[in-house]
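Asks: One structure is given below, represented as structure tokens, and several questions about it will come after.
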Amino acid sequence: MANTEKNSYTVLFATAMVLIVGTLLAFVASSLKEKIAENKRIEKQQNILYAMGVNENEEGSVAFVAKKNVESEFSKYITKQLVITGTEVTENDKAYLIDLKKEAAAAKKTSYQRRLPLFIGKKEGKDFYIIPVRGKGLWDAIWGYVAIDNQLVVQGVYFDHAGETPGLGSNIKERFFMDDFIGEHIFDGDTFKSIAVIKSNADPKNLNKTDFEVDAIAGATITGTGLATMLKKDLEMYVPYLKTIKQ
């Protein structure tokens with residue numbers, strides 16, 4: 001076989017291998033993308049349910065509804081998903097998929113009206129209004145969900161982070177911190193107050209639920225400040241709607 005013919009076969013073989021490898025990589029990337037998106041969807045549903053008290057917690061633990069059950073539990077307990085855009089409130093059964101980071105970035109343009117997702121749940125005859133929040137901790141993003149009732153009292157929260165310090169700021173997702181928010185008020189009469197995270201707030205057992213404060217995590221001042229800023233900034237956007245549900 002002439003060298004020219006050998007070279008042609010070599011080129012054809014190499015080209016075919018490149019196409020095969022490219023196709024395989026594209027298939028793997030597509031499969032991974034779908035899997036990541038599915039995991040994020042499940043995680044959001046678990047977090048929303050957790051905030052309203054639908055979870056598998058045991059003594060001192062944080063345990064979500066199992067992945068195999070989350071779809072049915074979400075449909076069972078979440079009765080409405082809303083999107084608030086300015087003064088307009090619409091139902092949207094995919095509201096939980098709205099990306100808060102992208103919405104905040106888009107809202108920097110004055111021509112864009114930010115979409116605010118809100119979830120209404122019902123458990124044991126009681127209504128829950130679950131609000132997503134997102135902010136900045138010490139090192140990276142923090143986020144979560146706050147569930148309130150029609151008295152505008154916190155019924156539960158879930159917080160998470162992208163990279164806070166282990167054993168310090170990362171403890172925002174631990175029961176001992178999150179449970180402190182249960183029962184806290186966010187309004188003083190008709191005035192929105194939010195909830196501050198205060199070091200040495202003279203109420204370490206968090207018995208006073210109308211002081212608009214919870215005790216900070218020791219050694220995590222910046223994370224706590226970021227979380228308090230997140231709550232005030234994001235919950236305040238929902239105030240006009242929240243005033244319509246207060247009883």
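The values are calculated or read from the model by the stated rules, or taken from the named source; none is laboratory data. Bear in mind that the values here come from a model prediction, so they are computed numbers and not experimental data. Reconstructed Cβ throughout: ideal geometry from the backbone, glycine too, with neighbour counts over all protein chains shown. We work out accessible area using only protein heavy atoms, side chains counted, and drop any ligands, DNA or RNA first. Shrake-Rupley method; radii C 1.70, N 1.55, O 1.52, S 1.80 Å.
Asks: Under 19 Å between alpha carbons, and skipping anything fewer than 8 positions from K68 in its own chain: which lysines qualify?
Replies: K35, K40, K44, K76
Asks: Can you give the alpha-carbon Rg of region 121-247 over 2.2 N^0.38 Å, where N counts its residues?
Replies: Values: Rg = 14.0 Å, N = 127, 2.2 N^0.38 = 13.9 Å.
Taking the Cα Rg and dividing by 2.2 N^0.38 Å, one obtains 1.01.
Asks: Let me ask something else. To the nearest 10 degrees, how steeply does helix 221-236 sit against the main Cα axis of the chain, on a 0 to 90 scale?
Replies: The angle comes out at about 80 degrees.
Asks: Obtain the nm distance between the two label points defined at E43 and T210 by a simple spin-label model: each point lies 7 Å from its Cα along the Cα-to-C-beta direction.
Replies: Roughly 4.0 nm, to one decimal.
Asks: Just to be sure I understand: with springs between alpha-carbon atoms less than 10 Å apart, which residue in Q81, Q151, Q46 has the highest mean-square fluctuation in the Gaussian network model of the chain?
Replies: Q151
Asks: Further, regarding this structure: Please calculate how many Å² of accessible area region 122-247 carries per residue, with a 1.4 Å probe and no DNA, RNA or ligand atoms counted.
Replies: Values: 5730 Å² over 126 residues.
That works out to 45 Å² per residue.
Asks: How much FRET efficiency would the formula 1/(1 + (r/R0)^6) give for K243 and A104, where r is the Cβ-Cβ distance and R0 is 25 Å, rounded to 0.05? Working shown, then result.
Replies: Values: r = 23 Å, r/R0 = 0.92.
After rounding, the FRET efficiency stands at 0.60.
Asks: Scanning the chain for trypsin sites (Lys or Arg not before Pro) in DSSP loops with at most 13 other Cβ atoms within 10 Å, what's the longest stretch left with none? Intermediate results must be reported in sequence, preceding the final value.
Replies: Details: sites that count: K94, K108, K109, K199, K205, K246.
Of all site-free stretches, the longest is 1-93.
Asks: Quick one: length gained pulling D203 to S61 fully straight, 0.36 nm per residue minus the C-alpha distance?
Replies: Values: separation 142, 0.36 × 142 = 51.12 nm, distance 2.33 nm.
Contour length minus the Cα-Cα distance gives 48.8 nm.
Asks: Hey, could you grab the Kirkwood Rh for the chain? Inverse mean 1/r over distinct alpha carbon pairs, Å, one decimal. Spell out each step's value before the answer.
Replies: Working: mean 1/r = 0.0493 Å⁻¹.
20.3 Å is the Kirkwood radius here.
Asks: Follow-up question, since we're still on this one. What number comes out for accessible area per residue over region 29-107 if the probe is 1.4 Å? Units Å², please.
Replies: Numbers: 4730 Å² over 79 residues.
The answer is 60 Å² per residue.
Asks: Anyone know which of M230, M52, M17 comes out most mobile in the 10 Å Cα GNM of the chain?
Replies: Top of the fluctuation ranking is M17.
Asks: Now for a separate question. First compute the accessible area of region 78-245 with a 1.4 Å probe, then give the percent of it belonging to carbon and sulfur atoms.
Replies: On the way: 4310 of 8200 Å².
Reported share for carbon and sulfur atoms: 52 percent.
Asks: Same structure again: Which far-off residues, 5 or more places away or on another chain, put their amide H under 5 Å from the one on I217, with H placed in the peptide plane?
Replies: Excluding prolines and chain starts, which carry no amide H, there are no hits.
Asks: Relative contact order of region 78-245: what whole-number percent is it, with Cα pairs under 8 angstrom and at least 6 residues apart? Walk me through the numbers on the way to the answer.
Replies: Details: 321 pairs, mean separation 27.9, N = 168.
Normalised by residue count, the contact order of region 78-245 is 17 percent.
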